[in-house]
Each structure stands twice: as C-alpha cells, then as structure tokens.
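Novice: Mind looking over this structure? Questions follow.
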Amino acid sequence: MAKREIAIIEDEQAIRDNTIDFLTRRGYSVKGFASRAEALSAFVGKLPDLVILDIGLADDVDGGFELCRELRSRSSTLPIIFLTARDSDFDSVAGLRLGADDYISKETSLPQLVARIAALFRRIEAMQEPQKPQQPLQRNDLRIDVDRLMAEWRGSSLQLTVTEFWMLHALVRHPGHVRSRDKLMEEAHIYVDSSSVSTHIKRIRRKFLEIDPEFAHIDTVYGAGYRWKP
C-alpha cells in the first residue's frame with residue numbers, strides 16, 4: 001500500500017522540519033512548504049492526501065486561511081488541519097468556517113497530532129470500503145445520496161464538506177432524535193472538541209439558509225446536542 005502523502009505549510013523551518021521528521025517516522029510521506037505560493041505551485045498537478053496549515057506564513061498574515069479557501073474550492077473531501085499558535089476562538093471558528101476539518105494549537109503534542117491525522121484517514125478508509133448501494137434518503141425537501149456523498153435541499157445542491165455531510169446524515173437518519181456532539185463526531189469519523197462540532201453545525205445551517213432563508217430544521221438542544229426537526 002502506498003504511503004499517505006501529507007503536505008505541511010509552515011514558515012518556521014525548525015517547526016516544519018521537526019514535524020516532517022516525526023510524521024515520516026510514523027510511516028507517512030511528507031513534504032514541507034514555507035509559503036502559500038510554494039505550496040500552490042506544488043499542488044498544480046495533484047493534491048496530497050492531507051494538508052497541515054499554519055495561518056500566518058511570514059509576511060502573508062492570513063495566508064493559511066487563503067490557502068484553505070483555495071484548496072477547499074478544488075476539493076470538498078481533502079482533509080485539512082490547521083496547526084497554529086493563533087488559538088483564539090475567533091481564529092478557530094474562522095478556520096472551520098473556511099472548511100477545515102480540524103484546528104489544533106501548536107501547544108498540542110506531536111503524538112496528539114498523529115492521532116488526529118489517523119482519525120481523518122480512518123474516515124477516508126471507511127468511505128472507500130465497498131458497500132451495498134443505498135437508496136437516497138428523503139426527508140421532505142431534503143434528499144441525501146450516500147453513494148454519491150451528495151445532498152440537495154428543494155432541488156438545489158448543498159456544497160458540503162465530507163465532515164458536514166456525515167454530520168447532516170447522522171441528524172436526519174432519525175428525525176426528532178437528539179444526537180450528542182460525541183455521536184456526531186463518531187459518525188463523521190472525526191475527533192475534535194465540542195466547540196468545533198458547533199462550528200460545523202453552524203456551517204451546515206448557513207448552507208441551507210443560502211438556499212432557503214426560512215430554513216429552521218436543525219435544532220440546538222442545549223446541554224444535549226442537536227436534532228433534525230421534521
């Protein structure tokens with residue numbers, strides 16, 4: 001089996017080299033880039049299997065955010081992790097809103113980073129396992145096609161990331177039932193903090209609202225989780 005390819009975009013060489021060395025010794029094929037331009041040039045032909053980004057890239061203060069936006073426009077399924085010293089709620093919410101799958105502080109240990117990477121790759125492997133074709137799931141105006149990883153609301157396509165797709169699927173499978181944040185993480189094959197789950201749900205809501213300003217089918221049940229309101 002070919003090694004998973006990981007790209008890390010980090011302007012501080014010591015951090016970049018240390019992370020590359022650690023991940024390489026864990027069996028990954030890793031390439032490092034110091035700038036957004038350098039990374040984009042390398043990604044012209046083919047995207048890696050996973051991308052790790054810092055936000056500030058030398059003089060490019062929000063370069064990681066811009067790169068995340070560009071990568072997400074090319075692929076809704078590419079796993080993207082922010083690894084950054086900018087760990088404010090504002091920055092983490094901004095990163096997740098741009099479509100990142102995870103947001104990790106540089107204070108996080110490298111073994112913890114490897115665990116989060118492995119969780120994202122397990123999600124991909126679960127998606128790629130051969131499964132029996134499933135009938136699209138219909139909930140009034142919502143149609144979810146698991147085989148194609150597509151969702152439509154009132155005939156319009158919802159541009160969901162893979163994480164958002166599986167969280168939505170977990171909610172609508174049992175309308176009216178409360179799904180805890182832990183359960184949503186389990187079904188989306190990710191392991192993040194509860195605030196990150198909340199941000200993903202807000203992104204899902206916003207995408208429905210872009211199609212239907214009257215949308216109000218995802219309820220927050222404070223202290224318990226979320227549910228799809230029939």
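Novice: To the nearest 0.05, how large is the calculated FRET efficiency for residue 105 and residue 2 if R₀ is 22 Å and r is the Cβ-Cβ distance?
Specialist: Details: r = 31 Å, r/R0 = 1.40.
So, using R0 = 22 Å, E works out to roughly 0.10.
Novice: Taking a cut-off of 20 Å, what percent of all Cα-Cα pairs in region 80-188 are separated by more than that?
Specialist: On the way: 2976 of 5886 pairs.
Beyond 20 Å sits 51 percent of the P(r) for region 80-188.
Novice: Now for a separate question. Share of region 1-160's accessible area from carbon and sulfur, percent, 1.4 Å? All intermediate terms of the calculation are to be shown ahead of the outcome.
Specialist: On the way: 3970 of 8300 Å².
Of all accessible area on region 1-160, carbon and sulfur atoms account for 48 percent.
Novice: Moving to a separate point now. Mean separation of Cα pairs under 8 Å and 6+ residues apart, divided by the residue count of the chain: what relative contact order is that in percent?
Specialist: Details: 340 pairs, mean separation 30.5, N = 230.
This gives 13 percent for the chain.
Novice: How large is the direction-averaged shadow of the alpha-carbon convex hull of the chain, in nm²? Before the final figure, lay out each step's value.
Specialist: Details: hull surface 52.8 nm².
Reported value for the Cα convex hull: 13.2 nm².
Novice: Taking every eigenvalue of the Cα gyration tensor of region 17-125, multiplying by 5 and rooting it, what semi-axes result, largest first, whole Å? Before the final figure, lay out each step's value.
Specialist: Values: eigenvalues 69, 57, 45 Å².
Equivalent-ellipsoid dimensions as semi-axes: 19, 17, 15 Å.
Novice: Here is a follow-up. Among DSSP bridges having both ends in the chain, what percentage is antiparallel? Round to the nearest 5. Provide the component values of the computation, followed by the final result.
Specialist: Values: 16 of 32 bridges.
Percentage antiparallel, nearest 5: 50.
Novice: Quick check on region 27-158: of the DSSP beta bridges with both residues there, what percent are antiparallel, nearest 5%?
Specialist: Bridges in region 27-158 that DSSP calls antiparallel: roughly 60 percent.
Novice: Using a probe radius of 1.4 Å on heavy atoms only, what accessible surface per residue do you get for the chain? Whole Å² is fine. Don't skip to the answer; put the middle values down first.
Specialist: On the way: 11430 Å² over 230 residues.
Normalised by residue count, the accessible surface of the chain is 50 Å².
Novice: For region 164-213, what size does the Cα cloud have along each of its three principal axes, sorted from largest down, in whole Å?
Specialist: 30, 22, 15
Novice: Among 3-12, 25-34, how do they line up from the highest to the lowest mean number of other beta-carbon atoms within 10 Å? Can you show the working numbers first?
Specialist: Numbers: 3-12: 19.9, 25-34: 16.1.
The most tightly packed comes first, giving 3-12, 25-34.
Novice: Need the list of lysines near residue 183 for cross-linking: C-alpha distance under 25 angstrom, and skip anything on the same chain fewer than eight residues off.
Specialist: Within the straight-line cut-off, residue 183 pairs with 132, 202, 207, 229.
Novice: Helix-only mean residue ellipticity at 222 nm, the chain, DSSP H runs n ≥ 4 weighted -39,500 (n - 2.57), per residue, nearest 500. What is it?
Specialist: So the calculated ellipticity at 222 nm is -13000 deg cm²/dmol.
Novice: Along each of its three principal axes, how wide is the spread of alpha-carbon positions in region 146-230, in whole angstrom units, largest first?
Specialist: Here the Cα extents, ordered largest to smallest, are 31, 26, 21 Å.
Novice: Report the convex hull volume per residue for region 39-96, counting only C-alpha atoms, in Å³. Don't skip to the answer; put the middle values down first.
Specialist: Numbers: hull volume 4.6 nm³, N = 58.
Hull volume over Cα atoms, normalised by residue count, gives 79 Å³.
Novice: Cα axis of helix 162-172 to longest principal axis of the chain: angle in degrees, 0 to 90, nearest 10?
Specialist: The answer is roughly 20 degrees.
Novice: Going by alpha carbons, how many degrees (0 to 90, nearest 10) lie between the helix axis of 63-74 and the longest principal axis of the chain?
Specialist: 50
The values are calculated or read from the model by the stated rules, or taken from the named source; none is laboratory data. Nothing here was measured: the structure is a model prediction, and the numbers come from that model. Note that each Cβ is placed from the backbone with ideal geometry, even for glycine, and that neighbours are counted across all protein chains shown. Heavy atoms of the whole protein, side chains included, go into the accessibility calculation; ligands, DNA and RNA do not. Shrake-Rupley method; radii C 1.70, N 1.55, O 1.52, S 1.80 Å.
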